[in-house]
């Protein structure tokens, strides 16, 4: 097969090549597949980590769907308009978040980080931080 420089290429992003994207409350997100790293235009993949006893800020995304895989740790996913719905989450769980759905992941462990693998269908998310709802004690 002839090598064509213009042909699409598979990219492998090593752990040390990832980029720190955002901090949302105590949560950090490190991208592996992003527009900046790979040129991806319709997908984004990152790992989010929430330290023990902490949480992200309450928010929603206006422009994308998100899918989350709980890789390790235990927590709660707060949801609903006022974030009063609490759903326990743990390793192996998969979570779907539609555009505009208010949410806040919370790490309930006092010793273990909560690791989430996050995929979305847009290269850049538009986030609206929410005031007066959710947990503020973490």
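Every read-out reported here was derived from the displayed coordinates using simple, explicitly stated rules and does not represent laboratory data. This one's a predicted model, so the numbers in the text were calculated from it and none came from an experiment. In this analysis, Cβ positions are derived from the backbone assuming ideal geometry, glycine residues included, and neighbour counts consider all displayed protein chains.
Here are the numbers:
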| read-out | value |
| --- | --- |
| Separation of the residue 23 and residue 10 label points, Cα + 7 Å toward Cβ, nm | 3.7 nm |
| Two-site label geometry, residue 74 and residue 96: point separation in nm, points 7 Å out along Cα→Cβ | 2.7 nm |
| Segment 1-132 - convex hull of alpha carbons, volume per residue in Å³ | 120 Å³ |
| Structure-based [θ]222 nm, the chain - -39500 (n - 2.57) summed over DSSP H runs of at least 4, per residue, nearest 500 | -500 deg cm²/dmol |
| Difference of contour (0.36 nm per residue) and Cα-Cα distance, residue 40 to residue 128 | 29.4 nm |
| Residues listed by number, segment 100-121, amide nitrogen under 16 Å from residue 82 label point at 7 Å toward C-beta | 102-103 |
